[in-house]
Amino acid sequence: MQGTPYDFFVQWHLTERCNLRCRHCYQQRLTDEMSYDETCRALDNIKGAIEGWVTEYQLEMSPSLHFTGGEPFLRRDLFYILAYASKKGFSTSILSNGTLITDDTARRIKEAQVRDVQVSLDGLEAVHDSIRGKGSFRKALQGIENLLSNSIDTNVNLTVSRINVDQIQGLVRLASDMGVSAVAFARLVPCGRGEQLAADMLTPEELRLLYNNVSKMQASSKIVVTSRDPLASIPDMGEDIPQTEFPIGGCAAGVFGVTIAADGNIMPCRRMNMSVGNIREESFRKLWIESPVLSALRERSSYHGACGTCRYWPVCRGCRAVAIACTNSDGRSDYLGPDPQCPYYQTV
Ligand code: SF4
Ligand code: SF4
């Protein structure tokens, strides 16, 4: 995922509850969800940190909150939370499996001035249903239609593995015909239930092929075809990569944003599954500055292996979640090591 220093975001998992049970989901267990009041206090906590940065560093910021789950539409107070976030000046997005978005829900999303909604589609009907459960494809498509008929900016996300890499062209065609604004791809991270699918991860060469194809599809498609994977933009990068000791693009984890889990735990990225503190008890601003994990993610000298010596480090750093997931099995959980799916390493 990419951002700029001023485009700070929080991916906020309001619940771990879900009406589906997808094979690749990173979820591990249900947790003690923050209540509406706790969520509002946490929002105030983040707002305070942002106001401090704006005043102290004279920054112009456009903070956004990406609400998700589990399935966020299972939170009965979702629209109250959206209203509170918007009152506090945050731009809001929703990430959903789409299956619970009725016409009435879509109308309320519109009224809540949600910037955009991302719906997960993991292929065409048979493949999507084999990953997400029978009937889930048609329900997700109905959800997308309801969003579009209420004039809501809607995009589609596919988590890529060998199971569905051949579905990409068909999905882009379908999305384009339906009128969604963008199709994006994320890599399968073998954590949570997704650990069972580790053998279906793409090899570095398969990944290279995929991102070459994504570039070609973008050139010939009337909708945006993209990936938030830092590796996806490497093929289109010129020769002139600024050699900074701090990130200027690439993996967002702990750099351009964080994740807040349903129980208030703060993680660099939801797929990294490592808590750096809890917003129920701690100051967000203090954690953001003082967390040794977040600091390490921002410093080139903390990295080792290929990423630490690569000229793309300032704009890439690979997917830290893939790095950690692929070293969990031998007990290292190495979040600063190489990205094992990378085909692009070049020495500085
Ligand atoms: S080695 Fe790491 S920093 Fe370099 S291109 Fe690969 S993933 Fe990115
Ligand atoms: S760890 Fe991976 S999934 Fe998370 S922000 Fe970085 S690139 Fe994206």
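What the table below lists for this structure:
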read-out: Set SER62, SER35, SER96: member being out of contact with any Leu (no Cβ under 8 Å at 6 or more places or on another chain) and either under 21 Å from ASN150 (Cα atoms) or surrounded by 22 or more Cβ atoms within 10 Å (Cβ to Cβ) (or both); value: SER96
read-out: Verdict on CYS342 being buried (at least 16 other Cβ atoms within 10 Å of the Cβ), over 19 Å from LEU210 (Cβ atoms) and either within 22 Å of the chain's Cα centre (by Cα) or modelled with pLDDT of 95 or more (or both); value: no
read-out: Failed item in (1) closer than 16 Å to ILE223 by Cβ; (2) in contact with a Phe, Trp or Tyr (Cβ under 9 Å, 6 or more places away or on another chain); (3) among the β-branched types (Val, Ile, Thr), with THR159 passing the rest; value: (1)
read-out: Residues of segment 134-159 satisfying the condition of being small (Gly, Ala, Ser) and more than 20 Å from PHE185 (Cα to Cα); value: GLY135, SER149, SER151
read-out: Number of the condition not met by THR244 [criteria: (1) surrounded by 15 or more Cβ atoms within 10 Å (Cβ to Cβ); (2) in contact with a Pro (Cβ under 6 Å, 6 or more places away or on another chain)]; value: (1)
read-out: SER151 vs. criteria polar (S, T, N, Q), part of a loop (DSSP other than H, G, I, E, B) and touching a residue at least 24 places away in the same chain (Cβ under 8 Å); value: yes
read-out: Index of the failed condition, ASP330 passing every other in (1) away from ligand 1 (no atom under 13 Å from the Cβ); (2) in contact (Cβ under 8 Å) with a residue 60 or more places away in the chain; (3) surrounded by fewer than 23 Cβ atoms within 10 Å (Cβ to Cβ); (4) within 24 Å of ARG162 (Cα to Cα); value: (2)
read-out: Subset of segment 186-207 [surrounded by fewer than 22 Cβ atoms within 10 Å (Cβ to Cβ), modelled with pLDDT of 95 or more and under 18 Å from ARG320 (Cα atoms)]; value: ALA186, MET201, LEU202, THR203, PRO204
read-out: Criterion violated by PRO343 - all others in (1) touching a helix residue (DSSP H, G or I) at 6+ places or on another chain (Cβ under 6 Å); (2) within 13 Å of ligand 2 (Cβ to nearest atom) satisfied; value: (2)
read-out: Segment 309-327, subset more than 8 Å from ligand 1 (Cβ to nearest atom) and either without any contact (Cβ under 8 Å) to a residue 12 or more places away in the chain or assigned to a loop (DSSP other than H, G, I, E, B) (or both), residue farthest from MET201 (Cα to Cα); value: THR327
read-out: Residues (polar (S, T, N, Q) and farther than 10 Å from LEU147 by Cβ) located in segment 99-117; value: THR99, THR102, GLN113
read-out: One residue from ARG298, ARG311 being closer than 17 Å to MET274 by Cα, away from ligand 2 (no atom under 11 Å from the Cβ) and surrounded by fewer than 18 Cβ atoms within 10 Å (Cβ to Cβ); value: ARG298
read-out: Members of segment 220-279 that are of a type in the set (S, T, N, Q), within 16 Å of ligand 2 (Cβ to nearest atom) and in a loop (DSSP other than H, G, I, E, B); value: ASN273, SER275
read-out: All positions within segment 166-185 that are touching an Asp or Glu at 6+ places or on another chain (Cβ under 8 Å) and surrounded by 19 or more Cβ atoms within 10 Å (Cβ to Cβ); value: GLN167, PHE185
read-out: Which listed residue is within 12 Å of VAL10 (Cα to Cα) and among the aliphatic types (A, V, I, L, M), from ILE260, ILE241, ILE248; value: ILE260
read-out: Residue list for segment 114-137, restricted to those being in a loop (DSSP other than H, G, I, E, B), basic (Lys, Arg) and in contact (Cβ under 8 Å) with a residue 24 or more places away in the chain; value: ARG115
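The values are calculated or read from the model by the stated rules, or taken from the named source; none is laboratory data. In this text, all values refer to a predicted model and were calculated from it rather than measured experimentally. Cβ sites come from the backbone with ideal geometry, for glycine too, and all protein chains shown count toward neighbours.
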